[in-house]
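Colleague: Sharing a structure with you now.
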Amino acid sequence: WCMVNGNLPPGWVWTTLGQIRKADRKTIEPAKTPEQAFELYSVPIFNTGRPEIVFGKEIGSNKQYVEKETVLICKINPRINRVWVVGDFSEYPKIASTEWIPFKKVEGILPLFLSYYMQTSDFRDYLAQNVSGVGGSLMRARTNALEEYPFLYPPLPEQERIVARI
């Protein structure tokens with residue numbers, strides 16, 4: 001991404017991840033609705049690329065509601081590159097582990113573009129340097145550090161071209 005005479009190309013915007021993140025997280029105790037099925041985005045199932053369909057009675061901890069096109073970034077051991085865009089695999093309520101930091105869809109930013117941005121080596125290195133905990137699965141990315149990270153994005157047509165090339 002190049003600057004022209006020290007300026008950004010027309011329509012490009014510098015901001016921070018915190019400025020595009022809506023932090024209105026709503027939690028749920030799925031066990032309180034044992035017969036309700038949920039579309040669950042959990043850390044262990046991430047590598048399959050698909051959420052699980054699970055009944056409330058099978059879920060032992062609190063979760064957070066998420067919406068289609070929310071970008072989820074995993075707090076646990078941020079050296080592992082886990083970024084997920086919530087899909088639409090079922091008609092069931094979509095929930096995610098509280099080990100994910102959600103970024104709801106924001107007008108003017110493609111979820112896939114944001115997801116790819118969060119998978120860059122510079123971003124991953126930054127996250128790995130801004131953790132709490134002692135190591136491995138006990139390390140957590142610090143949300144406040146994540147929110148301070150600079151985010152540069154182009155107009156939607158350019159985002160679409162970038163995503164298509166990736």
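The values are calculated or read from the model by the stated rules, or taken from the named source; none is laboratory data. Computed from a predicted structure; not experimentally measured. No Cβ is skipped: glycine too gets one built from the backbone with ideal geometry, and neighbour counts run over all protein chains shown. Surface areas here come from the heavy atoms of the whole protein model, side chains and all, with no ligands, DNA or RNA. Shrake-Rupley method; radii C 1.70, N 1.55, O 1.52, S 1.80 Å.
Colleague: How many residues are outside any strand (DSSP E or B), open to solvent by 30 Å² or more (accessible area, probe 1.4 Å) and either of a type in the set (Val, Ile, Thr) or over 28 Å from Met118 (Cα atoms) (or both) if we restrict to the range 53-73?
Modeller: Initial filter on the range 53-73 (outside any strand (DSSP E or B)): 56-62, 66-70.
Of the ones still in play, those that are also open to solvent by 30 Å² or more (accessible area, probe 1.4 Å) are 57-58, 60-62, 67-69.
Now restrict to residues that are either of a type in the set (Val, Ile, Thr) or over 28 Å from Met118 (Cα atoms) (or both): 57-58, 60.
Matching residues across the range 53-73 total 3.
Colleague: If I go through the range 28-46 residue by residue, how many of them are surrounded by 11 or more Cβ atoms within 10 Å (Cβ to Cβ) and either of a type in the set (Ser, Thr, Tyr) or assigned to a loop (DSSP other than H, G, I, E, B) (or both)?
Modeller: Count: 8.
Colleague: Looking at the range 114-133, which of the residues that are surrounded by fewer than 20 Cβ atoms within 10 Å (Cβ to Cβ) and hydrophobic (A, V, I, L, M, F, W, C) is nearest to Arg50 (Cα to Cα)?
Modeller: Ala128
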